[in-house]
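The values are calculated or read from the model by the stated rules, or taken from the named source; none is laboratory data. In this text the structure is predicted, and so the values were computed from the model without any measurement. Using ideal geometry, Cβ is built from the backbone for each residue, glycine included, and neighbour counts are taken over all protein chains shown. SASA here: full protein model, heavy atoms, side chains in, ligands and nucleic acids out. Shrake-Rupley method; radii C 1.70, N 1.55, O 1.52, S 1.80 Å.
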Amino acid sequence: MLNIILFGPPGSGKGTQATRLKDRFCLKHLSTGDMLREEKSNGTELGLEAKRFMDAGELVPDHVVIGMIAVRVDEVLNKGGFDGFIFDGFPRTVAQAEALDKMLSERETAIDQVLALKVGEEELVKRILLRGETSGRADDRDESIIRNRVVQYEEKTAAVANYYAQFDKVTYVEGEGGIDEITEALAAGIDALV
Ligand code: ADP
């Protein structure tokens, strides 16, 4: 299996790029943001619990996200028909990273590489506000919520790259520029693994 974490701040293009890379490398794309929004719109208990954190631009508690993704990983593994995972928006804390590593090792696989997109804060805010015009996401429309998401990233999520760097598993990719160009840079990072 080939398991990739697509890493980076909110608005760095993880979702856009993951959608392109999953087809090229036959990977399953697992986005915790998408899963949480689905839970929210289905009005599940989990969705209701997550809502107040998401609406404020805070992180949803680790146990909620870890439990949710474990269920999905097993569903996908049982079904088969793909070569690995591309994780998008997960792990977002070191505790989530440790839980993911444990989860994968219990299933006799592991993270191969973290591809980390680099984008400056002003560009992130600009992109998310633009996305907010069409995404239907309330958290994309309010600049103070967007800036709080960037703060959460810096305070809690950036450390995930350091966690994987100790295993020599992080590749940084420039995330500003043309979408195709960034896809090619990420694909080169994956090609280097296979
Ligand atoms: P973005 O990358 O633009 O912030 P996401 O769709 O990845 O968008 O996440 C939206 C929101 O969902 C986050 O602000 C957070 O509240 C919640 N969320 C998503 N993934 C996680 C996670 N792994 N841990 C905690 N909260 C998460």
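Confirm whether Val76 is touching a residue at least 12 places away in the same chain (Cβ under 8 Å) and either of a type in the set (S, T, N, Q) or farther than 21 Å from Thr171 by Cα (or both). Outline the logic, then answer.
On the way: touching a residue at least 12 places away in the same chain (Cβ under 8 Å): yes; either of a type in the set (S, T, N, Q) or farther than 21 Å from Thr171 by Cα (or both): yes.
Yes.
Applying the selection to segment 54-102, what residues are open to solvent by 30 Å² or more (accessible area, probe 1.4 Å), farther than 21 Å from Gly8 by Cα and either under 15 Å from the mean Cα position of the chain (by Cα) or among the aliphatic types (A, V, I, L, M) (or both)?
If the condition is that a residue be open to solvent by 30 Å² or more (accessible area, probe 1.4 Å), farther than 21 Å from Gly8 by Cα and either under 15 Å from the mean Cα position of the chain (by Cα) or among the aliphatic types (A, V, I, L, M) (or both), then Val71, Arg72, Leu77 are the ones that fit.
Determine, yes or no, whether Ala138 is under 16 Å from the mean Cα position of the chain (by Cα) and within 13 Å of the ligand (Cβ to nearest atom). First the steps, then the outcome.
Numbers: under 16 Å from the mean Cα position of the chain (by Cα): no; within 13 Å of the ligand (Cβ to nearest atom): yes.
For Ala138, the condition - under 16 Å from the mean Cα position of the chain (by Cα) and within 13 Å of the ligand (Cβ to nearest atom) - is not met.
Quick check on segment 132-153. Is at least one of its residues under 26 Å from Ala95 (Cα atoms) and in contact with a strand residue (DSSP E or B) (Cβ under 6 Å, 6 or more places away or on another chain)?
no
Filter segment 165-191 for residues that are hydroxyl-bearing (Ser, Thr, Tyr) and either out of contact with any Lys or Arg (no Cβ under 8 Å at 6 or more places or on another chain) or open to solvent by less than 100 Å² (accessible area, probe 1.4 Å) (or both) and give the result.
Across segment 165-191, the qualifying residues are Thr171, Thr183.
Which one of the conditions (1) touching a residue at least 12 places away in the same chain (Cβ under 8 Å); (2) within 24 Å of Tyr153 (Cα to Cα); (3) surrounded by fewer than 19 Cβ atoms within 10 Å (Cβ to Cβ) does Arg107 fail to meet, given that it meets all the rest?
(2)
Based on this model, can you work out whether Leu36 counts as at pLDDT 95 or above, within 17 Å of the chain's Cα centre (by Cα) and over 30 Å from Ala192 (Cα atoms)?
Yes, satisfied.
Can you find even one residue in segment 39-46 that is among the hydroxyl-bearing types (Ser, Thr, Tyr), without any contact (Cβ under 8 Å) to a residue 40 or more places away in the chain and either buried (at least 16 other Cβ atoms within 10 Å of the Cβ) or over 22 Å from Val125 (Cβ atoms) (or both)?
Within segment 39-46, the subset among the hydroxyl-bearing types (Ser, Thr, Tyr) is 41, 44.
If we keep only those that are without any contact (Cβ under 8 Å) to a residue 40 or more places away in the chain as well, we get 41, 44.
With either buried (at least 16 other Cβ atoms within 10 Å of the Cβ) or over 22 Å from Val125 (Cβ atoms) (or both) added as a condition, the list becomes 41, 44.
Checked segment 39-46: at least one residue is among the hydroxyl-bearing types (Ser, Thr, Tyr), without any contact (Cβ under 8 Å) to a residue 40 or more places away in the chain and either buried (at least 16 other Cβ atoms within 10 Å of the Cβ) or over 22 Å from Val125 (Cβ atoms) (or both).
Could you list, in sequence order, the residues of segment 141-164 that are over 15 Å from the mean Cα position of the chain (by Cα) and near the ligand (Cβ under 9 Å from one of its atoms)?
Ile145, Ile146, Asn148
Please indicate, with yes or no, whether at least one residue in segment 130-141 is at pLDDT below 95 and assigned to a loop (DSSP other than H, G, I, E, B).
Scanning segment 130-141 turns up at least one residue that is at pLDDT below 95 and assigned to a loop (DSSP other than H, G, I, E, B).
Could you check segment 95-104 and list, in sequence order, the residues that are within 14 Å of Ala159 (Cα to Cα) and within 12 Å of the ligand (Cβ to nearest atom)? Talk me through it step by step, then tell me what you get.
Restricting attention to segment 95-104, the residues satisfying the condition of being within 14 Å of Ala159 (Cα to Cα) are 95-98.
Once the filter is applied, which keeps residues that are within 14 Å of Ala159 (Cα to Cα) and within 12 Å of the ligand (Cβ to nearest atom), segment 95-104 yields Ala95, Gln96, Ala97.
In segment 113-120, is there at least one residue being open to solvent by less than 70 Å² (accessible area, probe 1.4 Å) and more than 17 Å from the chain's Cα centre (by Cα)? I'd like the intermediate steps shown before the answer.
Step one: of segment 113-120, the residues open to solvent by less than 70 Å² (accessible area, probe 1.4 Å) are 113-117, 119-120.
Imposing the further condition that a residue be more than 17 Å from the chain's Cα centre (by Cα) reduces the set to 120.
So far as segment 113-120 goes, yes, one or more of its residues are open to solvent by less than 70 Å² (accessible area, probe 1.4 Å) and more than 17 Å from the chain's Cα centre (by Cα).
Tell me which residues, restricted to segment 5-26, are more than 9 Å from the ligand (Cβ to nearest atom), touching a residue at least 24 places away in the same chain (Cβ under 8 Å) and in contact with a strand residue (DSSP E or B) (Cβ under 7 Å, 6 or more places away or on another chain).
First pass over segment 5-26, keeping only residues more than 9 Å from the ligand (Cβ to nearest atom): 5-7, 13, 16-26.
Within this subset, residues satisfying the condition of being touching a residue at least 24 places away in the same chain (Cβ under 8 Å) are 5-7, 13, 16-18, 20-22, 24-26.
Passing the criteria: Ile5, Leu6, Phe7, Gly13, Gln17, Ala18, Leu21, Lys22.
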